[in-house]
Amino acid sequence: MRPRFILLGLPVLLALLLTTGCGGDRSLLLTAETNDSNYGRGKELLKRGQDHEALAAFLKVIATRGDDAAPESHLEAGLLYAEKLKDPIAAIYHYRKFCELVPASPQTPLVRQQIDAALRDFARTLPGQPLENQSAGLLATAERLQAENKQLRDQLSAMTGGRSGRPSGPTTLFTPASTPSQSPIRPAPPPPTSTRSEPVPLPAAPAAPITRKHVVATGDTLSKIALQYYGDRSKYLKIFEANHDVMKNENKLPPIGTELKIPQ
């Protein structure tokens, strides 16, 4: 009789494991993600061209199942952020969650190309430097901005009673029952190449130091400007020292519209 008792005890042990810990609704994790009603609704809304509503449906799947148990919804959200909402930072976050959760998926190499494309899109939004000079530290800047965005979302969730649509914390339980969906992943386009013939190089002249300019706007601070141009808030003193002619106090910016020098 002992083997029978052991077998009868296994379902009880499984139930205890599924009802303890943190994360989304454990009962949902027993079914495939692609069978989730919100996932199906999101796919149907995509066909109708209702992109914002579709995104809300996929984020609902992530919120109810847990941030680490909804790879297909992360993928769909990443595509919507990148292609429809033009938000490369949010797209990078969801693409990376997909690659983290299903690293062996046939789609993962294509998703990594999408991450590279989103990084290039993000780099084009940073003023003052050519794209090739921004590659170093670009991912760190994107991750830092993503962390700041998440902190703001968490604060908003606390203020509104947890109705932000984001899970309160990560969960480590992931069901392998999910099957890869046929998401419209396309290889990222290669960087543009020039068809013009290269001019004959002239003798190099001494390079003059390049000084960028920033016009003070509402809401600016020195640390915020330093983050924008250097990717590091702690370099605000570098800007202050270059603008002693218009700034006497590092904690007080000159009036809006004043032009500040941004040294290299």
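Data for the structure
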item: Output for segment 233-246, where each listed residue is modelled with pLDDT of 90 or more, in a loop (DSSP other than H, G, I, E, B) and not polar (S, T, N, Q); result: A242, D245, V246
item: Segment 208-232 - residue that is in contact (Cβ under 8 Å) with a residue 40 or more places away in the chain and part of a loop (DSSP other than H, G, I, E, B) and, of those, surrounded by the most Cβ atoms within 10 Å (Cβ to Cβ); result: G231
item: Sole residue being surrounded by fewer than 20 Cβ atoms within 10 Å (Cβ to Cβ) and out of contact with any His (no Cβ under 8 Å at 6 or more places or on another chain), chosen from E33, E53; result: E53
item: Candidate set from segment 93-126 (those that are outside any helix (DSSP H, G or I) and under 18 Å from R144 (Cβ atoms)); member that is modelled with the lowest pLDDT; result: L126
item: Top-ranked residue of segment 57-85 - restricted to ones that are without any contact (Cβ under 8 Å) to a residue 24 or more places away in the chain and under 20 Å from R120 (Cα atoms), ranked as surrounded by the fewest Cβ atoms within 10 Å (Cβ to Cβ); result: E83
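The values are calculated or read from the model by the stated rules, or taken from the named source; none is laboratory data. Remember, it's a predicted structure, so these values are computed and weren't measured experimentally. Cβ atoms come from the backbone with ideal geometry, glycine included; neighbour counts cover every protein chain shown.
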